[in-house]
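One structure below.
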Amino acid sequence: MQLVKPLFLLGFMGCGKSTLGKKLANALNVPHLDLDHMLEEQFGMSIADFINSKGEEAFRLQESRLLKEWIAKPCIMSLGGGAPCFHDNMSTIRNKGVSIYLNYPVKTLAQRLSTSGDSRPLIAGLKGEDLEIKISDLLSNREQYYLQAEWVYEFSETKMDPKKWILQKLSEVDR
């Protein structure tokens, strides 16, 4: 199976986009691009530090610019949790590649994110129920974009490993 256009992994922070992206890229023999890591390299600082010094809108503009720079190449691209929700990013993603929303329950996301400390500015310092409430609030705004993805991997319903599930879906269509 050969990938001929980008495959975009989207979903809330902590859902495993970066880890899964590396596994898929290896299986498909294409580059893995992690949008957040690429931005940190360009900024010379963490995303949290960039947002604290320049603001979220400046970050979102840079994120959108970089997404459009790399969109023409066959690759696996792990997007930041908010990337599909700003500017015309989701439209670009849908028009230029295959998009997959990794949909995990709030409680699962909260468990995965509970040890992230201050590395994620939108949830910095939150724990337990406060963290779950914040995740629910953010998801209620973002899910309208996430659900525009071509495919949705439902963690709570899909018993198959996400990598196997995606590879199976790709084999069913010419991508």
Practice problem: Could you tell me whether region 134-157 includes any residue that is over 17 Å from MET90 (Cα atoms), in contact with a strand residue (DSSP E or B) (Cβ under 7 Å, 6 or more places away or on another chain) and among the hydrophobic types (A, V, I, L, M, F, W, C)? | Solution: yes
Quiz prompt | Leading residue by the ranking (surrounded by the most Cβ atoms within 10 Å (Cβ to Cβ)) among those in region 1-26 that are of a type outside the set (Gly, Ala, Ser) and farther than 23 Å from GLU172 by Cα | solution = CYS15
Quiz item: In region 32-53, which residue that is in a helix (DSSP H, G or I) and without any contact (Cβ under 8 Å) to a residue 24 or more places away in the chain is nearest to the chain's Cα centre (by Cα)?
Solution: HIS37
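Looking for whichever is of a type outside the set (Phe, Trp, Tyr) and closer than 19 Å to GLN168 by Cα here; the options are ASN52, ASN29. Which one fits?
ASN29
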Quiz item: Could you say which residue among LYS68, LYS73 is closer than 14 Å to LEU33 by Cα, in a loop (DSSP other than H, G, I, E, B) and charged (D, E, K, R)?
Solution: LYS73
Exercise. Among residues belonging to region 90-112 that are touching a residue at least 40 places away in the same chain (Cβ under 8 Å) and assigned to a helix (DSSP H, G or I), point out the one that is farthest from CYS15 (Cα to Cα).
Key: LYS96
Quiz item: What are the residues in region 140-170 that are surrounded by 15 or more Cβ atoms within 10 Å (Cβ to Cβ), over 25 Å from PRO74 (Cα atoms) and acidic (Asp, Glu), if any?
Solution: GLU143
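We did not get these values from a lab; they are worked out from the coordinates using the rules stated. Everything quoted here is computed from the prediction, not taken from an experiment. Methodologically, a virtual Cβ is constructed for each residue, glycine included, from the backbone with ideal geometry; neighbour enumeration extends over all protein chains shown.
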